[in-house]
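One structure is given here, and the rest of the page talks about it.
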Amino acid sequence: MVTRDENKYVIYPLYFDRSLSRLNGRKVAKKYAVEKPTLETIVKAAQSLKLNPVIEKDKIYSSTPWKKDGRILIEKKGPKTKLLIQLANRL
């Protein structure tokens, strides 16, 4: 489990999924969201922003325990919402 002391944001693919509502986990506005985001595409976007992502493929989002989509850990560099929009623009 990632703690606040580790100075990392946790990013799940469903944060960018256009087919989901905000209540179901999407974190970005629909205009920034994409269809079926994958861990790999988000990692490529993070690498293009020079964020040094760490991939954890076996992790699950708490609201969808039946889906093992994984997650990405990214160093905290500013507000998370700004980071999510930057990533979404690269997807």
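The values are calculated or read from the model by the stated rules, or taken from the named source; none is laboratory data. Computed from a predicted structure; not experimentally measured. Heavy atoms of the whole protein, side chains included, go into the accessibility calculation; ligands, DNA and RNA do not. Shrake-Rupley method; radii C 1.70, N 1.55, O 1.52, S 1.80 Å.
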Accessible solvent surface per residue of the chain, calculated while the other protein chains remain in place, 1.4 angstrom probe, Å²: 65 Å²
³J(HN,Hα) computed for each position of region 84-91 - Karplus, 6.51 cos²θ - 1.76 cosθ + 1.60, integer Hz, glycine/proline x: 4, 5, 4, 5, 4, 5, 8, 6
Carbon/sulfur fraction of accessible area - the chain, other protein chains in place, 1.4 Å, %: 50 percent
Interchain or long-range residues, amide H under 5 Å from TYR9's placed H: ILE74, GLU75, LYS76
Out-of-range pairs (alpha-carbon distance over 18 Å; input LYS57/LYS82; LYS8/LYS82; LYS8/LYS68; LYS27/LYS50; LYS36/LYS68; LYS50/LYS77): LYS57/LYS82; LYS8/LYS68; LYS27/LYS50
Compactness of the chain - radius of gyration and Dmax, Cα, Å: 12.1, 33
Helix-only mean residue ellipticity at 222 nm for the chain, each DSSP H run of n ≥ 4 adding -39500 (n - 2.57), per residue, nearest 500: -7000 deg cm²/dmol
